[in-house]
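Asker: The structure follows.
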Amino acid sequence: MAPRIPMSMGGESLAAEEPPVIDLSGITKPERRREIGRSISEALETWGFFQITNHGVEEALMKKTIEVFTEFFQSPDEEKLSIQRKISGASGITQGYSRPRTDGPALLNATEFLYNVYGPGTKEELGDNTDNRPSQPPSFRSTVEEYVESVDGLALAILGLISESLGLPQTTLPMYTSRAHGVRANYYQPTKDRVEKVFSVYPHTDPSVLTILHTNDLPATQVRKDDRWVQISPVPGAFLVNVGDLTEILSNGRYRSFEHRGLPHETQHRLTIATFIRPLPTTVVEPIPLLIDESHPPLYKSQLYRSYLQGFIRKGLDSRSLIEAAKISIV
Ligand SMILES: O=C(O)CCC(=O)C(=O)O
Ligand SMILES: [Fe+2]
């Protein structure tokens, strides 16, 4: 296992360079589309992350989404605890509100967070406890539903570009994703004590194909690059996008799932909302057959997304351990 990097936050340890900001305007013009595709491909090879502007999601909707989540997290404990996280019997999908935790066998969460699944889908995709969503403020559900629908359209566009950058038809990666998305909102208490296990989201990779992160514009999301933590400066109105473990598998290792973590701000509450674009539980995840030939053997095992997710739930946030375990060992 790779050694853990010290968690200290000395400013001098942060690299000057960071993932690029990519402007999506003109995406329908063929030449511009190729240029955007090249920028995304380069960003994914170098960082696994990029920010996007002119992405088509309405600014007012983005703001309103931050507002309703903030209002939820600031509501009284009994309100939040009334939808405490629980596992649904049949689907195994755990939804609801979670208190900050620093104990337990798996590396869990030192922030409080809310996780629910939104979008069209079967009971197996959505889980049986979709009622475990906030009912306050009254506009919460309709706002988040509208937000997720809009982010879904953006995700399809980005997945199309990533597919093309792999030399595949733009429908390829979307075919591996469900339209029901996991939405995890993290709420960080302010603290000057920025060390692991204090109001942070531990180093991990995402069990997703693609993750689209919306924040209240405060640092710090950090990505691990060449054994250093690189802090990403939020561009107001932009989304932070990264590929997860499933894209690493589907692309047969061309686009790696980079380890990252979330830290609190010193003086203000940080809110981050991650939308995870994922396969269906019944999808077989394996390197895309068109990318495999004699000189490019598959580097990852084939498995059901459901089994992958169960492994994630069992382990919690634990650097790159699951994706490493998915590799075919070459002896
Ligand atoms: O809050 C952040 O900055 C990162 C959150 C994250 O990585 C996640 O929820 O998967
Ligand atoms: Fe993440």
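The values are calculated or read from the model by the stated rules, or taken from the named source; none is laboratory data. Being a predicted model, the structure only gives us computed values, none of them experimental. Reconstructed Cβ throughout: ideal geometry from the backbone, glycine too, with neighbour counts over all protein chains shown. Accessible surface areas use protein heavy atoms only, side chains included; no ligands, DNA or RNA. Shrake-Rupley method; radii C 1.70, N 1.55, O 1.52, S 1.80 Å.
Asker: Restricting attention to the stretch 250-277, report how many residues are in a strand (DSSP E or B), of a type outside the set (D, E, K, R) and closer than 25 Å to L322 by Cβ.
Answerer: Residues flagged as in a strand (DSSP E or B), of a type outside the set (D, E, K, R) and closer than 25 Å to L322 by Cβ within the stretch 250-277 amount to 8.
Asker: Something else about it: Within the stretch 148-165, identify whether any single residue is of a type in the set (A, V, I, L, M), open to solvent by less than 30 Å² (accessible area, probe 1.4 Å), more than 15 Å from the chain's Cα centre (by Cα) and over 16 Å from M62 (Cβ atoms), and answer yes or no.
Answerer: Yes - at least one qualifying residue is present in the stretch 148-165.
Asker: So if I check each of D293, D226, D245, which one is modelled with pLDDT of 95 or more and out of contact with any helix residue (DSSP H, G or I) (no Cβ under 6 Å at 6 or more places or on another chain)?
Answerer: D293
Asker: Quick check on the stretch 259-282: of everything there that is out of contact with any helix residue (DSSP H, G or I) (no Cβ under 9 Å at 6 or more places or on another chain) and open to solvent by 10 Å² or more (accessible area, probe 1.4 Å), which residue is nearest to T122 (Cα to Cα)?
Answerer: By that ranking, first place goes to F276.
Asker: If I go through the stretch 154-166 residue by residue, how many of them are touching a residue at least 40 places away in the same chain (Cβ under 8 Å) and either in contact with a His (Cβ under 8 Å, 6 or more places away or on another chain) or small (G, A, S) (or both)?
Answerer: Total satisfying the criteria: 4.
Asker: For D193, only one of the following conditions fails: (1) in contact (Cβ under 8 Å) with a residue 24 or more places away in the chain; (2) farther than 28 Å from R34 by Cβ. What is its number?
Answerer: Among (1) in contact (Cβ under 8 Å) with a residue 24 or more places away in the chain; (2) farther than 28 Å from R34 by Cβ, D193 violates only (1).
Asker: Would you mind telling me which numbered condition in (1) touching a Pro at 6+ places or on another chain (Cβ under 9 Å); (2) modelled with pLDDT under 95; (3) within 9 Å of ligand 1 (Cβ to nearest atom) H204 fails?
Answerer: Going through (1) touching a Pro at 6+ places or on another chain (Cβ under 9 Å); (2) modelled with pLDDT under 95; (3) within 9 Å of ligand 1 (Cβ to nearest atom) one by one, H204 breaks only (1).
Asker: Okay, next question. Is there any pair linking a residue in the stretch 30-45 that is more than 28 Å from D226 (Cα to Cα) to one that is open to solvent by 10 Å² or more (accessible area, probe 1.4 Å) and not basic (K, R), with Cβ under 6 Å and at least six apart or on different chains, and which?
Answerer: If the second residue must be open to solvent by 10 Å² or more (accessible area, probe 1.4 Å) and not basic (K, R), the pairs left are R32/G26; R33/I27.
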